[in-house]
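Have a look at the structure below before the remarks.
What follows is calculated from the coordinates using simple rules that are stated; it is not laboratory data. These figures come from a predicted structure and were not determined experimentally. Cβ coordinates were reconstructed from backbone atoms using ideal geometry, including for glycine residues, and neighbour counts include every protein chain displayed.
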Amino acid sequence: MTYENLLVEEQDGIITLTINRPKALNALNTQTILELQHFFGEDAPQREHVKGVILTGAGDKAFVAGADIKEFLSLDTQQGQAMAQRGQDTFFLIERFHKPVVALVNGFALGGGCELAMACHLRIATENARFGQPEVSLGIIPGYGGTQRLIQYLGKTKATELLLTGDMIKADEALQLGLLNYVLPAAEALDKAKEIIKKTATKGPIAIAKVIESINAYFQYDEDGFAREVAEFGHTTGTEDFKEGAAAFIEKRQPDFKGE
Ligand code: DAK
């Protein structure tokens with residue numbers, strides 16, 4: 001697929017994926033959702049050497065200012081449901097990606113933009129970042145998992161307030177509420193994202209993938225997250241990586257994981 005709205009750059013095994021519609025504050029139109037779906041569903045899984053993905057928005061004003069309002073104005077109920085399903089499926093691909101995906105939130109993260117950041121495993125924001133789910137101001141509700149994931153990060157009390165009021169919060173408040181991992185000046189935020197991905201790349205790759213799966217299982221109500229953790233723990237103990245990791249610990253050396 002040739003991407004119209006995504007920039008894909010790879011350096012030292014780290015992919016920087018930039019949503020590139022700065023004139024529309026990187027709003028998520030259908031084409032962009034399809035491209036994200038293709039990237040995380042088909043493209044990225046084939047790049048086995050990749051250490052992780054940094055997801056950001058073009059320009060210094062917005063990460064993503066929401067779903068493309070101009071496009072979804074004409075939707076009827078059936079089309080709206082299809083659009084929400086496609087978006088949710090895409091965001092699940094991100095949340096279930098087997099390598100860390102770090103959102104680098106460099107400005108407005110509203111509606112679908114906040115939902116996109118929440119689907120990533122980690123979130124680093126620049127000081128000018130703003131978060132919110134303003135859908136109720138448009139007479140709709142979040143369609144890309146916002147009602148679920150905001151509660152997961154913030155708890156019911158504050159999430160309910162933000163979802164009902166549509167209020168925006170600044171980066172420092174989002175950090176304090178548990179939505180973010182770090183808030184940093186713009187010049188330092190990208191380096192921090194790379195540093196985290198590089199650190200995870202020194203760990204057992206199967207273990208990294210299984211931690212992600214187990215964390216996700218905690219939030220799947222049709223699944224017992226504790227039981228899933230037991231199963232995945234058993235899986236990792238049977239790997240060569242675990243033997244290597246344990247041996248390296250005992251021999252007081254760095255492990256050389258092979259992903260086996
Ligand atoms: N969609 C389309 N264009 C957008 C946009 C958006 N979400 N946000 C901004 N733009 C465009 C503006 O229209 C403007 O374009 P021009 O007029 O220059 O052509 C350009 O980006 C610059 O925006 P502003 O001139 O407004 O810039 P300001 O600095 O004055 O304001 C702002 C920045 C972020 C505060 C403001 O742009 C704003 O309030 N934007 C909208 C925020 C918002 O309400 N976002 C949508 C949230 S609702 C669903 C699935 C998902 C969703 C819903 C349903 N189903 C499947 C049914 C999700 C919905 C949402 O995300």
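Computing Rg and the Kirkwood Rh from the Cα coordinates of the chain gives a ratio, Rg/Rh, of 0.98.
If you look at the Cα atoms of the range 193-260, you get an Rg and a Dmax of 13.5, 42 Å. Normalised by 2.2 N^0.38 Å, with N the number of residues, the alpha-carbon radius of gyration of the range 33-92 equals 1.37.
Centroid-to-centroid, using Cα positions, the range 148-223 and the range 6-37 are 19 Å apart. Considering all alpha-carbon pairs of the range 143-260, what whole percent are spaced by more than 17 angstrom? For the range 143-260, the share of Cα pairs beyond 17 Å comes to 70 percent. Between the residues Val50, Phe91, Val8, the greatest Cα displacement towards the positive end of the dipole of the range 1-102, with unit charges on the Cβ of Lys, Arg, Asp and Glu, is found for Phe91. Fully extending the segment from Gln148 to Met1, taken as 0.36 nm per residue of separation minus the present Cα-Cα distance, adds 49.8 nm.
Here the chain is assigned +1 on the Cβ of each Lys and Arg and -1 on the Cβ of each Asp and Glu. Its dipole about the Cα centre then comes out at about 460 debye. Shown in residue order for the range 95-107 are the 3J(HN,Hα) couplings computed by the Karplus curve 6.51 cos²θ - 1.76 cosθ + 1.60 at θ = phi - 60°: 4, 9, 4, 7, 10, x, 10, 10, 7, 9, 8, 10, x Hz (x for Gly and Pro).
Near Leu6, the amide H atoms lying under 5 Å from its own belong to Asn20; only residues 5 or more places off or on other chains count, and H is placed 1.01 Å from N.
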